[in-house]
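Note sheet for the following structure.
The values are calculated or read from the model by the stated rules, or taken from the named source; none is laboratory data. Just so we're clear, the structure is a prediction, and the values are computed from it rather than from any experiment. Using ideal geometry, Cβ is built from the backbone for each residue, glycine included, and neighbour counts are taken over all protein chains shown.
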Amino acid sequence: MPIVVRIDVELARRKMSVGEFAERVGLTPANVAVLKNGRAKAVRFSTLEAMCRVLDCQPGDLLEWEPDPETP
């Protein structure tokens, strides 16, 4: 998938657990896992805003586009 989710990188930088992050953002740990593992089909802007607020970062710190090597 060309969109890579970097939540784990930001959590590691802040030494924050998935459980603490999930609680502060208002998500279940299972939903955070879905986001972290790139299995989410969509992210609400309100959720992205909450994640950025909790991690004190920009959306681009959490999401990155990588070209698909199989697409010309």
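The table below lists the values:
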quantity: Residue that is nearest to L55 (Cα to Cα), among those in region 22-34 that are touching a helix residue (DSSP H, G or I) at 6+ places or on another chain (Cβ under 6 Å) and of a type in the set (A, V, I, L, M, F, W, C); calculated: V25
quantity: Subset of region 29-69 that is outside any helix (DSSP H, G or I) and in contact with a strand residue (DSSP E or B) (Cβ under 7 Å, 6 or more places away or on another chain) - its residue that is surrounded by the most Cβ atoms within 10 Å (Cβ to Cβ); calculated: L63
quantity: Any hit, region 17-28, residues being in a loop (DSSP other than H, G, I, E, B), surrounded by 12 or more Cβ atoms within 10 Å (Cβ to Cβ) and modelled with pLDDT under 95; calculated: no
quantity: Long-range neighbours under 8 Å by Cβ, at least six apart or interchain, first residue without any contact (Cβ under 8 Å) to a residue 60 or more places away in the chain and farther than 9 Å from L62 by Cα within region 1-14, second aromatic (F, W, Y) and part of a helix (DSSP H, G or I); calculated: L11/F21
quantity: In region 2-16, residue surrounded by the most Cβ atoms within 10 Å (Cβ to Cβ) [restricted to those that are more than 11 Å from the chain's Cα centre (by Cα) and assigned to a loop (DSSP other than H, G, I, E, B)]; calculated: M16
